[in-house]
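K.L.:
Can you read through this structure? Questions will come right after.
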Amino acid sequence: MAETESRPTNFIRQIIDTDLRNGLHTVIQTRFPPEPNGYLHIGHAKSICLNFGIAQDYAGYCNLRFDDTNPEKEDIDYVNSIQQDVSWLGFQWHDKIRYSSDYFEQLYGYAVELIEKGLAYVDFSTPDEVRRMRGSLKAPGENSPYRDTPIADNLAFFAQMRAGKFAEGTCLLRAKIDMASPFMCMRDPALYRVKFAHHHQTGDKWCIYPMYDFTHCISDAIEGITHSLCTLEFQDNRRLYDWVIDNISIQTQPRQYEFSRLNLEYTVLSKRKLIQLVSEHHVSGWDDPRMPTIAGFRRRGFTPSSIREFCKRIGVTKMDNLVEMSMLDACIREELNESAPRAMAVLVPVKLVIENFPATQVEVLHAQNHPNDESMGTREVPFTREIFIEAEDFKEEANKKFKRLVLGKEVRLRNAYVIKAERVEKDAQGNVTTIYASYDPQTLGKDPADGRKVKGVIHWVSASHGVRATVNLYDRLFKVPNPAGEEDFLSTLNPESLVVKQAVVEPSLQHALQGVGIQFERMGYFCVDSASKPEHLVFNRTVGLRDSWAKADQD
């Protein structure tokens, strides 16, 4: 990463510090092991920042390893998107990209070793029978009738599984541990299942695939991972992780440590729910700017540094909590306040005619690109007789609290003159279609000469030089802070999560670059959408100038 960021501390780093001090390790090795069955989301960003950040800070290594043991749900497009997301966040994996499928032959060998030790067996019980025999949290399980099959027979059955002799669902390779264990994961868990599915890396070479709990710990050991970091739902599974490592002939002894997963307000991070949002077309795709995916945040205008800063602020603990969306918004808002150039855009335009300004004249004004950073320079803004202003910035009558344009009163146009609304023109429904005004030519960059006070300032765009653009006003996807806690999470979708405006923007925005945040003055922070074209500009709202949900959350 280009910039230097302060180094955080947490209980995992304290463990690492102790391990290094005691000589348990000399080089720290971590890994990020996503399953390529969807796009990465903000919760994965927390794990990425933790695993890659630790490797970076301790001069160690972090592997990117795809947990590709379930080919029916995986896709090479997901593999590519995950690589892009990790790189975009500012991290680089050690050496080559790894796949759990790289180790399929070794994993098979270790499974054979467990069978030879009498610690694994092929079970021909039906899925319903296996489920019933597992027992419950209150009742112990019962042994499978196949649990004591002779070792030689189990070896033959497992070889036949690999050779494709058994249909899907007819058998499993299970570990022989303890059906009375209080931990469900230790009640003879499945190690391999039959699955006739084409694999994006190995093709049709395999028709049996290892389970995650068997694959993950061995892959860690093969790669020399020193600290295997995962979320709290795998805490009980650490017993199985250690059991597998302790019972096979592998030298490396990785250790698993758990931290709390990220739960974020007004969204869902369940892969199943995200897939449902995409497949049922509640959003336009995985990179819809309302989605909590890294691709969605990127398209919405979030920066890698803002997401890293968010992950740094929320910290790493063992306590589950619901993080406020406003904390994430604050990270990008604070960054863009400092870095985003300013421009003017009118989202709901109404025409204003300055009657005492020459009809054919075009005056080129100069506006600062940033009010607090002169090094960002200035831009040319054409000023003409006819301009557009925001419809909400004009009222025929208003009280003193309304600081914008009122009929018979004055307001300043941003970077330009003081104008006075003189009269209006309306359509048959009584809607204002045109505002007629006059301007004071002596007020460019200065107050009126006679000392009258003009408090309001509004933005504008030349009617003849402005550029038409589609502006997508994105907001929170759900109406409630914890949609996952609702009986039907889809019933809480926010109908106002996307509002599309046909706007007019100043001509300088025709050359705006993707990936560069822009402040539309008084309206918020925006970016060029990935679908934008020179002949059809499209902008997405990244975040408002202020947290519009703060008061609603308090009510």
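Computed from the coordinates by the stated procedures, all read-outs in this text should not be read as laboratory data. The model shown is predicted, which means the values in this text are computed figures rather than measured ones. Neighbour counts run over all protein chains shown; Cβ positions are idealised from the backbone, glycine included.
K.L.:
Around S47, under 14 Å between beta carbons, what's the net of Lys plus Arg minus Asp minus Glu among the other residues?
P.N.:
+2
K.L.:
At q = 0.13, 0.15, 0.19, 0.24 Å⁻¹, what is the base-10 log of I(q)/I(0) for region 137-227 according to the Debye formula with one equal point scatterer per Cα and no solvent? Please give it to two decimals.
P.N.:
The calculated log intensity ratios at q = 0.13, 0.15, 0.19, 0.24 Å⁻¹ are -0.56, -0.73, -1.04, -1.24.
K.L.:
Multiply the residue separation of Q442 and M376 by 0.36 nm, subtract the distance between their alpha-carbon atoms, and state the gained length in nm to one decimal.
P.N.:
Net length gain for the segment: 21.0 nm.
K.L.:
Set the Förster distance to 51 Å, then compute FRET efficiency between K403 and D488 from the Cβ-Cβ distance, nearest 0.05.
P.N.:
E(calc), rounded to 0.05, equals 0.70.
K.L.:
Any idea how far apart T434 and F196 come out in nm if each label point goes 7 Å out from Cα toward Cβ?
P.N.:
7.5 nm
K.L.:
Would you mind putting 326-333, 165-172 in packing order, based on average other-beta-carbon counts within 10 Å, highest first?
P.N.:
Details: 326-333: 20.0, 165-172: 15.6.
So the order, starting with the most tightly packed, is 326-333, 165-172.
K.L.:
In addition: So, counting K/R as plus one and D/E as minus one, what does the shell of residues with Cβ under 12 Å around Q106 add up to?
P.N.:
Cβ neighbours under 12 Å give a net charge of -4.
K.L.:
Based on alpha-carbon centroids, what's the gap between region 27-42 and region 452-508 in Å, whole number please?
P.N.:
34 Å
K.L.:
Can I ask one more? Per-residue counts of other Cβ atoms within 10 Å, averaged by peptide: what ranking do you get for 47-58, 424-435, highest first? Could the numbers behind the result be given before it?
P.N.:
On the way: 47-58: 22.2, 424-435: 11.7.
Going by the mean number of other Cβ atoms within 10 Å, highest first, we get 47-58, 424-435.
K.L.:
Continuing with the same structure: Give the cross-link partners of K165 among the lysines, using a straight C-alpha distance below 25 Å as the criterion and excluding same-chain residues fewer than 8 apart.
P.N.:
K73, K117, K176, K195, K205
K.L.:
With an 8 Å cut-off on Cα pairs and a minimum separation of 6 or more residues, tell me the relative contact order of region 104-211 in percent.
P.N.:
For region 104-211, the relative contact order is 27 percent.
K.L.:
For the pair I97/V538, report the inter-label distance in nm, with labels modelled 7 Å from Cα in the Cβ direction.
P.N.:
For I97 paired with V538, the spin-label model returns 2.6 nm.
K.L.:
Under the 0.36 nm per residue contour assumption, what length would be gained going from the current alpha-carbon distance of H511 and V27 to full extension?
P.N.:
Residue separation times 0.36 nm, minus the Cα-Cα distance, leaves 169.5 nm.
K.L.:
Set the Förster distance to 51 Å, then compute FRET efficiency between A359 and S339 from the Cβ-Cβ distance, nearest 0.05.
P.N.:
E between A359 and S339, to the nearest 0.05, is 0.80.
K.L.:
Quick one: helix 325-339 against the long Cα principal axis of the chain, what's the angle to the nearest 10°, folded into 0 to 90?
P.N.:
That works out to roughly 50 degrees.
K.L.:
Among DSSP beta bridges whose residues both lie in the chain, state the antiparallel percentage, nearest 5.
P.N.:
Percent antiparallel among DSSP bridges in the chain is about 65.
K.L.:
Aspartates and glutamates near K400 by alpha-carbon distance under 17 Å, same-chain residues fewer than 8 away left out - which ones?
P.N.:
Answer for K400, where 17 Å is the Cα cut-off: E392, E410, listed by chain and number.
K.L.:
Tell me, in nm to one decimal, what length is gained between T231 and T317 on full extension, where the rule is 0.36 nm per residue of separation less the Cα-Cα distance? Walk me through the intermediate numbers first.
P.N.:
Numbers: separation 86, 0.36 × 86 = 30.96 nm, distance 1.01 nm.
29.9 nm is the gain from fully extending T231 to T317.
K.L.:
Starting from the Cα of Q160, step 7 Å along the direction of its Cβ; do the same at N10; then give the gap between the two resulting points in nm.
P.N.:
Distance between the two pseudo-spin positions: 4.9 nm.
K.L.:
Let me ask something else. Would you be so kind as to identify which of T293, Q361, Q510 lies farthest towards the positive end of the dipole of the chain, taking Lys and Arg as +1 and Asp and Glu as -1 on Cβ and the Cα centre as origin?
P.N.:
It is Q361.
K.L.:
Quote the FRET efficiency, to the nearest 0.05, computed for H282 versus R452 with a Förster distance R0 of 56 Å and r equal to the Cβ-Cβ distance. All intermediate terms of the calculation are to be shown ahead of the outcome.
P.N.:
Working: r = 53 Å, r/R0 = 0.95.
So, using R0 = 56 Å, E works out to roughly 0.60.
K.L.:
Then there's this: Check the cysteines of the chain one by one and keep only those with no other cysteine Cβ under 4.7 Å from their own.
P.N.:
So far as the 4.7 Å Cβ criterion goes, C62, C171, C185, C207, C217, C230, C331, C527 stand without a partner in the chain.
K.L.:
In terms of the ratio Rg/(2.2 N^0.38 Å) built on C-alpha atoms, what value belongs to region 199-320?
P.N.:
1.34
K.L.:
Let a ≥ b ≥ c be the square roots of the eigenvalues of the Cα gyration tensor of region 1-127; is it rounded (a/c under 1.5), or, if not, prolate (a/b larger than b/c) or oblate?
P.N.:
It is oblate, given that a/c is not under 1.5 and a/b is not larger than b/c.
K.L.:
In whole percent, what relative contact order does region 402-510 give with Cα contacts below 8 Å and a gap of six or more residues?
P.N.:
23 percent
K.L.:
Let me ask something additional. I need to check one value: relative contact order of the chain, counting alpha carbon pairs closer than 8 Å and at least 6 residues apart, in percent.
P.N.:
12 percent
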